[in-house]
Amino acid sequence: MFVRRKPWLMLTPALLFLLLPLYGLWSALWNSLTPDGEVTLRVYSALFSNTEFLFSFFYSMWIALISTILSLMIGWLMTRFFLFYLENTGGKLAVWLPMIFPHFVWAYLILLLFREGGVISGFLPGDPAFANDPQGIGIILTYLGKEIPFVILMLLPVYLERNRAYDDLVETLGGSFLSRIKDAEWPFIAPVLIETGLIIFAFTFSAYEVPALVGATFPEMISVFTYDWFYSGDWSERPLAFAAMVSSSAFIGIVAWILLFFMNKKRRNITEGL
Amino acid sequence: MKIYVFWTIFALFVFFPISLLVLQSFTSPGSLTDVSALGWEELFGRRRLLEATGVSIVIGFFVVVCNLAIGLSAGKALALYDFFGKTVVDTLFVMPLLLPLLAITFGLHIAMIRIGLADTAAGVVFIHLVPTIPYSIRIFRNGYVSLGKRMQEQGEVLGASVWRTFLDIELPLLRSSIQSVIFLTFVISLSQYVITAIIGGGSVVTLAMVYFPFLSSANTSLVAAFSLWFALLPLLFYIGAEGLLRLFPYQRKVRR
């Protein structure tokens with residue numbers, strides 16, 4: 001009995017920590033449902049009939065999706081093709097270097113390089129500004145700079161510890177380069193890739209710092225939009241801020257659930273040999 | 001051939017932007033050729049910056065200590081034991097990274113006002129745990145997986161207490177995991193602007209709180225120096241932590 005109880009004892013501090021995010025989310029939900037002390041969906045109906053909010057929501061979704069897919073693809077390609085150099089100290093340092101700068105410092109760099117008359121955009125014909133632009137290129141560039149190294153660091157251990165005999169197996173059986181990726185690599189990296197993608201998507205969808213610095217005044221990312229509600233003069237718009245963030249959480253939750261469901265199904269298929 | 005491609009990518013997308021910051025911090029604003037150390041001088045001439053650096057280090061220190069304690073014990077449980085509900089617990093520990101930090105912070109802010117943690121450094125430490133703990137648990141879990149059970153069993157067989165086993169076997173062998181956690185946690189804590197602003201309510205002034213209003217400043221040399229300070233600080237903290245780790249007795253006794 002004692003042996004059985006031990007892991008739970010060791011998990012207790014971490015489970016207590018989980019109360020912070022869980023309570024935070026619960027409290028946000030409760031406050032969005034009870035704007036005047038009684039349970040009502042009034043705030044949500046106001047929220048979803050607010051076209052500015054809806055626009056900002058879809059804009060955030062779009063920017064987060066582009067940032068996530070590009071980060072995953074470039075990060076995966078770099079890990080795959082430069083594995084040999086990434087194992088060395090020099091290569092590792094190269095990947096870690098961007099990690100030590102906060103997101104907002106990287107955003108400032110993008111500002112310095114790509115704003116109107118910036119170090120790079122100033123030299124381009126027509127002086128196009130890629131920062132504070134409505135297309136969100138500045139935001140995406142900032143996230144790429146920070147998230148590609150993150151993807152590499154998440155994938156690196158998988159590639160290093162993967163059973164490389166599968167590569168030989170595919171080769172012996174006459175498989176092509178593509179079938180090597182599909183059969184000998186994908187099953188190993190898919191779970192990590194999906195999890196990393198989810199983390200990046202959730203983060204880029206709802207983070208405040210980067211869009212606050214390199215985003216446009218219109219359209220605004222959901223976080224900047226919501227933050228303004230939270231800190232608007234009187235507290236009348238606070239329930240809206242809570243509801244907007246609860247809706248974002250629900251959206252990310254659904255996306256995560258679908259992806260994890262498919263991942264587990266796939267994992268079962270692999271282990272059960274289907 | 002490949003190696004040139006790798007380093008060219010690095011030079012273009014990492015080295016070039018960072019060296020631009022370094023260059024700008026040592027030249028006068030808007031010019032990249034006119035050498036001047038005014039950016040750095042002005043930076044360290046501001047009392048607010050030095051105070052904020054102190055506040056950031058103290059908050060970062062407590063966040064790191066909590067991360068080490070929670071991460072080590074949870075990581076060990078997840079790596080070395082099988083128990084009912086493990087997959088659920090596993091998923092739960094990723095969840096804080098998937099929820100919008102603003103949603104959690106908005107909600108916790110109300111609770112913290114009620115129990116008197118709002119506008120305090122302790123409240124800020126608590127909220128900084130949310131984006132850091134999941135990573136620490138994962139790093140220590142991987143560390144314990146590669147460490148395995150055998151080493152600890154050996155200690156146990158030889159009659160060592162749990163504490164002794166931890167100090168003499170786990171701590172030295174998990175060193176690289178500990179280093180990663182210290183570094184990563186401190187960097188993440190230093191990078192939090194909006195959640196610090198909400199929970200700290202303007203009375204807990206960390207470096208990020210000073211940096212943000214600076215960004216609209218025309219004095220690009222000063223902002224460049226400030227930006228580099230954000231990268232230098234984790235390195236200094238890391239060196240300090242490394243010094244502390246060396247104080248453990250077994251680190252000195254190793255002689256060959």
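Where a number appears in this text, it was derived from the coordinates with a stated rule and is not lab data. Values in this document were obtained by computation on a predicted structure and should not be read as measured data. Note that we place each Cβ from the backbone using ideal geometry, even for glycine, and neighbour counts take in every protein chain shown.
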Calculated Rg and Dmax of the range A:43-271 using C-alpha coordinates, Å: 20.6, 71
Neighbour-count ranking [beta-carbon atoms within 10 angstrom, fewest first] of B:132, A:40: A:40, B:132
Net charge, residue B:205 excluded, C-beta distance under 15 Å - Lys, Arg +1, Asp, Glu -1: +1
Spread of Cα-to-Cα distances over 10 Å intervals beginning at zero, given as percent, for the range B:1-152: 9, 21, 22, 27, 17, 4, 0
Relative contact order of chain B, defined on C-alpha pairs under 8 angstrom at six or more residues apart (%): 32
Within-10-Å neighbourhood charge of residue A:175 [Cβ basis; K, R +1; D, E -1]: -1
Lysines whose Cα lies under 21 Å from that of residue A:146, excluding same-chain neighbours fewer than 8 positions away: A:92
Protection-proxy order for peptides A:134-145, A:188-199, each taking the mean of Cβ atoms within 10 Å per residue, highest first: A:134-145, A:188-199
Protection proxy ranking of B:73-79, A:165-171, B:50-56 - average other beta-carbon atoms within 10 Å, highest first: B:73-79, B:50-56, A:165-171
Charged-residue dipole, Cβ positions (Lys, Arg, Asp, Glu), the range B:40-253 about Cα centre, Debye nearest 20: 280
Cα-derived Rg over Rh, computed across the protein assembly as shown with Rh taken as Kirkwood radius: 0.97
The range B:177-218: Rg to Rh, with Rh as the Kirkwood radius over Cα pairs: 1.10
Charged-residue dipole, Cβ positions (Lys, Arg, Asp, Glu), the protein assembly as shown about Cα centre, Debye nearest 20: 2000
Per-peptide average of other Cβ atoms within 10 Å, ordering A:214-221, A:252-259, B:98-105 highest first: B:98-105, A:214-221, A:252-259
Solution diffusion estimate, µm²/s, Stokes-Einstein, chain B, Kirkwood Rh from C-alpha pairs, 25 °C, viscosity 0.890 mPa s: 117
Full-stretch length increase - residue A:92, residue A:41 - with 0.36 nm per residue and alpha-carbon distance subtracted: 13.3 nm
Value of [θ]222 nm, deg cm²/dmol, for chain B, DSSP H segments ≥ 4, -39500 (n - 2.57) each, nearest 500: -23000 deg cm²/dmol
For the range B:74-104 and the range B:106-156, distance of Cα centres in Å: 11
Farthest positive-ward along the protein assembly as shown dipole, Cα basis, beta-carbon charges - from A:233, A:79, B:245: B:245
Cα-centre dipole for the range A:43-271 with unit charges at Cβ (Lys and Arg positive, Asp and Glu negative), debye to 20: 760
Of the DSSP H helices in chain B, those whose Cα atoms cover at least 30 Å axially and whose Kyte score averages 1.0 or more: B:47-80, B:220-246
For B:6-18, mean number of other protein chain Cβ atoms within 10 Å: 5
Average partner coverage of B:119-132, which counts Cβ from other chains inside 10 Å: 1
Förster radius 25 Å - calculated FRET efficiency between residue A:73 and residue A:173 (Cβ-Cβ, nearest 0.05): 0.35
Normalised contact order of chain A, rounded percent, pairs of Cα under 8 Å and 6 or more residues apart: 26
Peptide B:88-98 - average C-beta neighbours from other chains (10 Å radius): 5
Charge dipole of the protein assembly as shown about the Cα centre (unit charges at C-beta), most positive-ward option of B:6, A:218, A:70: B:6
At most 11 other Cβ within 10 Å, DSSP loop - trypsin sites (Lys or Arg not before Pro), the range B:8-62: none
Theoretical ellipticity at 222 nm over chain A - DSSP helices of four or more residues, -39500 (n - 2.57) apiece, nearest 500: -24500 deg cm²/dmol
